[in-house]
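Notes to accompany the following structure.
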Amino acid sequence: MLEKWQVPRKYYEMIEDLSYTKGEGYFIYLKKGYVNDVTGSRNIHCMKTSEVRWIIGKTHKR
């Protein structure tokens, strides 16, 4: 699924789980020890794949 969303491979190891629903969008749950600067947490929610690619780049180890 990450390839379809065009997420760079370097972020794959940070991701614990992910899902997509047409009505609610994209959900990414990061592994323990990682945080996203935009959300300030381990959870990421986006509505568009372009948002997924942008926001995942703001993820790093704590």
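The values are calculated or read from the model by the stated rules, or taken from the named source; none is laboratory data. Please read these numbers as outputs of a predicted model, since none were measured by experiment. Neighbour counts run over all protein chains shown; Cβ positions are idealised from the backbone, glycine included.
Residues in region 39-60 include none that are hydroxyl-bearing (Ser, Thr, Tyr), part of a helix (DSSP H, G or I), in contact with a helix residue (DSSP H, G or I) (Cβ under 9 Å, 6 or more places away or on another chain) and crowded, with 16+ Cβ neighbours inside 10 Å.
Once region 14-23 is narrowed to residues that are surrounded by fewer than 16 Cβ atoms within 10 Å (Cβ to Cβ) and touching a residue at least 12 places away in the same chain (Cβ under 8 Å), the residue that is farthest from LYS61 (Cα to Cα) is TYR20. Among the residues of this structure, VAL7 counts as one that is surrounded by 15 or more Cβ atoms within 10 Å (Cβ to Cβ) and at pLDDT below 95. Filtered by the rule that a residue be without any contact (Cβ under 8 Å) to a residue 24 or more places away in the chain and in a loop (DSSP other than H, G, I, E, B), region 24-38 gives GLU24, LYS31, LYS32, ASP37, VAL38. Might you let me know whether region 5-12 holds any residue that is closer than 11 Å to THR59 by Cα, among the aliphatic types (A, V, I, L, M) and under 11 Å from the mean Cα position of the chain (by Cα)? No, every residue in region 5-12 fails to be closer than 11 Å to THR59 by Cα, among the aliphatic types (A, V, I, L, M) and under 11 Å from the mean Cα position of the chain (by Cα).
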